[in-house]
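Reviewing the structure listed below.
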Amino acid sequence: MEKRIGFIGLGNLGIPMAKNLITDGYHLQVYNRTTSKAKELEQGSITVCSTPAEAARNVDFVITILSEDEVVKDAVLGDNGFLKTMRPGALHISMSTILPDTSEELLAIHNDAGSRYLAAPVFGRPEAAAARKLWICTSGAADVKEAAKPVLESLGQGIIDFGETTGGANVVKLTGNFMIMAALETMAEGYTIAEKSGLDRKQVADFFSSTLFACPIFQNYGKFISAKQYEPVAFKAKLGYKDARLALKVAQQTETPAPLVSLVHNRLLTSVAKGNGDNSDWIAAFGKGVSDEAGV
């Protein structure tokens, strides 16, 4: 029997994820607001759908990888949402960066409708998605995580369980993205100080990324910031701002003083306010933002 998945969201992450599922033998019923994106996929392995509801028809799994909480909720609950067409027991795997409250809300909605829900946000840029190097965080009922495992194993290098509280993985995703932003600010400031002191910022970055900070964030993002290389745009500044805004909201909800969250939030807000939300990478919001302020 042909393995079919409803796949909703063909952005910079969604495309390579979809390609890996196709390689592993899945037929995808795909929906994306910009339908032309589906042309990047093997046409014999997809069915292009006109609505989310159509994408979810007669499948056991529906994956969403979308940009905003409201966009996810509309895909589920809107006039053309897929909740109404999901078969009983079918599983919605939500891989978007959203609030934990949104996950809890979607869980309750799916439970009432007789379908299932799993929070499974991911860490990794598009090149990591293409190489199946995503880290996938999950939270939810044990049986739901077990059911999703074969699908998730096609997408990443590791699946990390954060318990049965559905919003847990979403908290991890937001705190992780905040920590990446803080590292971007740190590198941008540090390498700019080095440059203004007459040093080669790339040499300084190479030193740190191979010694004290020998880890993927400093190695991968550091090479872009040190070289002031901000294109092509892999993750738009407005999406980074959205994540910072959500992280700030969770900090406020939990009554956690978080001055660094406010700092990176304002850095990204500045980029968006200057009209760079769509045409600039979030790396540029930090790297170029600090360089411009320093006059280099």
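Amide H of Lys3: which non-local residues (sequence gap of 5 or more, or other chain) have their own amide H closer than 5 Å, using H built in the peptide plane?
Excluding prolines and chain starts, which carry no amide H, the hits are His27.
With +1 on each Lys and Arg Cβ and -1 on each Asp and Glu Cβ, and nothing else charged, work out how big the dipole of the chain is about its Cα centre, in Debye to the nearest 20.
Computed about the Cα centre, the dipole is about 560 debye.
Post the alpha-carbon centroid distance, the stretch 215-264 to the stretch 141-179, in whole angstrom.
Answer, in whole Å: 21.
Answer with one residue from His265, Ile22, Gln203: the one whose Cα lies farthest towards the positive end of the charge dipole of the chain, charges on Cβ with Lys, Arg +1 and Asp, Glu -1.
The Cα lying farthest towards the positive end belongs to Gln203.
Past the 21 Å Cα-Cα mark, which pairs from Lys173/Lys242; Lys236/Lys288; Lys173/Lys238; Lys39/Lys84; Lys19/Lys133?
From the list (Lys173/Lys242; Lys236/Lys288; Lys173/Lys238; Lys39/Lys84; Lys19/Lys133), the Cα-Cα distance tops 21 Å for Lys39/Lys84.
Roughly how big is the stretch 156-224's charge dipole about its Cα centre, with Cβ charges of +1 (Lys, Arg) and -1 (Asp, Glu), in debye to the nearest 20?
Result for the stretch 156-224 is approximately 180 debye, rounded to the nearest 20.
Phe235's amide H: which non-local residues (gap 5+, or another chain) put their own amide H closer than 5 Å, with H modeled 1.01 Å from N in plane and none for Pro or chain starts?
Trp282
Going 7 Å from the Cα of Glu153 along its beta-carbon direction, which residues of the stretch 112-134 have the amide nitrogen within less than 17 Å of the resulting point?
Within reach of a label on Glu153, which here means backbone N under 17 Å from a point 7 Å along Cα→Cβ, the stretch 112-134 contributes 132-134.
Work out which GluC sites (Glu not before Pro) in the chain are exposed loop sites (DSSP not H, G, I, E or B, at most 14 other Cβ within 10 Å) and give the longest gap free of them.
43-152
Taking H placed 1.01 Å from N in the peptide plane, check which residues at least 5 places from Leu134 or on another chain put their amide H under 5 Å from its amide H.
So Leu134 has HN proximity to Gln157.
Laboratory data are not the source of any read-out in this text; all were calculated from the coordinates shown. This is a predicted model, so every value here is computed, not measured. Every residue, glycine as well, gets a Cβ built from its backbone with ideal geometry; the counts of neighbours run over all protein chains shown.
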